Amino acid sequence: MITQQMTARPVLGHLRQLDGIRFLAVGLVLFDHWTMEHIDLPVGALGALGVTIFFVLSGFLITRILLSSKDKLSKQPSGGLGKYLKVFYIRRTIRIFPVYYLTLFVLYLVNEPPVRRTFGWLSLYATNLYIAYHATWMGTVDHLWSLAVEEQVYLFLPLLLFFIPRRYIVLTSLLMIAGSVILRYALYRARLPWFIGYVSTPTCLDAFGLGMLMAYLWLYKRTQFEGLFQSSLWVWLGLLGFISVCLLNYWIALNSSRGYHNIMSDVWERLAASIFGFFLIGRAVIGFDGAMKWVLENPVSQYMGRISYGLYLYHNFVFNVYHTQPTHFTVRAWRRITDVLPFLNSSYSFQFSFYLALTVAIATLSWYLIEKPINNLKDRFTI
């Protein structure tokens, strides 16, 4: 039976600095999608880094929830599989589905072209499958591929973690990491379009595998977890490794016929980003001190992390430097503002701030009017 208590799950608790990590991750995506054609910096990998950090974080949080639930139900007949799955999927549905499908419905009504054209794929969380199958991007709904990956992972990860013995979790994590890298390499060698290896769920599993490994250490090997993540040195080394891969990528791009999408970007960049995310998130779980503590725990970071799902979901419809047409309502609104205040055209930072303010406003309304009231229902369903 599902409990009807209105209390939170104290056994896992809230890890405060992870809200700040969510803010950093979504900030990287927004910066990439809104600035690529307006600055002379190689920022193309930043959006991918933000998404990968989200994947590692999801792997950690979801594995932590699932293994904790499995342990609580282990003494029940048949291990409590039915309750384990029921509670997990109800809570995930409450958190993710309402605002996602409401967004699709509204965009369908206002005749957003890619939503009208691919509504079935979008409604089934198959955006990444559409992109891979048709070997094409989808315009303003491109970013929904990562939400599709998350949902597809949720389909198999609960069963995987329920049935594999605890002693095999580390091995399973390592197989996910290695298998994902090998598959990306095979796709690269086959010279398939690069974004197939970018958006396909099996090629994203190194990030989730590292998150799973982190959760295992947090739950069952706390001393080793604290020893591994106590120092910030590994975070900076992870960042240095990611930067090194990006620099090698640009060097190869200048000296190879493969251009920007070479073996570094197509195979190794996500692994480097995942390793950086692994150490960044693990250190945040322990708790950063000093300047990073302020970055992650200040009220702005905390609030933006809280509404990060809305920020990510809506930002592409507000503006995307790759897809937004000159007739889009936000672009026309900006032109009207600058007709009155022409000095705002002196720097792209003003336009960026306009899109950010608009996205934050929409995400805030979404949070208080839709997400938060519905999320409060989650505490009715606990193990």
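The values are calculated or read from the model by the stated rules, or taken from the named source; none is laboratory data. If you're wondering where the values come from, they're calculated on a predicted model, not measured in any experiment. Note: ideal-geometry Cβ built from the backbone for every residue, glycine included; neighbour counts use all protein chains shown.
Of G227, G238, G197, G211, all but one fail to be in a helix (DSSP H, G or I), of a type outside the set (D, E, K, R) and loosely packed, with under 14 Cβ neighbours inside 10 Å; the exception is G227.
Run down Y100, Y84 and say which single residue is in contact (Cβ under 8 Å) with a residue 40 or more places away in the chain and either closer than 26 Å to W268 by Cβ or surrounded by fewer than 19 Cβ atoms within 10 Å (Cβ to Cβ) (or both). Step through it out loud before you land on a result.
Numbers: Y84 fails: either closer than 26 Å to W268 by Cβ or surrounded by fewer than 19 Cβ atoms within 10 Å (Cβ to Cβ) (or both).
Y100 is the lone residue from the list that is in contact (Cβ under 8 Å) with a residue 40 or more places away in the chain and either closer than 26 Å to W268 by Cβ or surrounded by fewer than 19 Cβ atoms within 10 Å (Cβ to Cβ) (or both).
A residue that is more than 30 Å from N316 (Cβ to Cβ) and crowded, with 20+ Cβ neighbours inside 10 Å can be found somewhere in region 147-163.
State yes or no: is R64 within 23 Å of V26 (Cα to Cα) and in a helix (DSSP H, G or I)? Full working, then the answer.
Working: within 23 Å of V26 (Cα to Cα): yes; in a helix (DSSP H, G or I): yes.
Judged against the criteria, R64 is a match.
The listed residues are L358, L365, L313, and the only one of them that is aliphatic (A, V, I, L, M), more than 19 Å from G20 (Cβ to Cβ), out of contact with any Lys or Arg (no Cβ under 8 Å at 6 or more places or on another chain) and without any contact (Cβ under 8 Å) to a residue 12 or more places away in the chain turns out to be L365.
When you scan region 321-332, do you find a residue that is without any contact (Cβ under 8 Å) to a residue 24 or more places away in the chain and surrounded by 14 or more Cβ atoms within 10 Å (Cβ to Cβ), even just one?
In the first step, residues of region 321-332 are kept if they are without any contact (Cβ under 8 Å) to a residue 24 or more places away in the chain; the result is 325-329, 331-332.
Next, only the ones that are surrounded by 14 or more Cβ atoms within 10 Å (Cβ to Cβ) stay: 328, 331.
Scanning region 321-332 turns up at least one residue that is without any contact (Cβ under 8 Å) to a residue 24 or more places away in the chain and surrounded by 14 or more Cβ atoms within 10 Å (Cβ to Cβ).
Taking the criterion of being closer than 17 Å to G305 by Cβ and polar (S, T, N, Q), the only residue of region 53-102 that qualifies is S58. Looking across G59, G50, one residue alone is under 18 Å from P158 (Cβ atoms), in contact with a helix residue (DSSP H, G or I) (Cβ under 7 Å, 6 or more places away or on another chain) and either assigned to a helix (DSSP H, G or I) or modelled with pLDDT of 90 or more (or both). It is G59. I need the full set of residues from region 108-145 which are in a loop (DSSP other than H, G, I, E, B), in contact (Cβ under 8 Å) with a residue 60 or more places away in the chain and on the phi > 0 side of the Ramachandran plot, in order please. If the condition is that a residue be in a loop (DSSP other than H, G, I, E, B), in contact (Cβ under 8 Å) with a residue 60 or more places away in the chain and on the phi > 0 side of the Ramachandran plot, then A135 is the only one that fits. Any idea which of (1) more than 21 Å from the chain's Cα centre (by Cα); (2) touching a residue at least 60 places away in the same chain (Cβ under 8 Å) is the one A284 doesn't satisfy? That leaves (1) as the condition not met.
When we screen S274, S265 for residues that are at negative phi, under 17 Å from the mean Cα position of the chain (by Cα) and among the hydroxyl-bearing types (S, T, Y), the only hit is S274.
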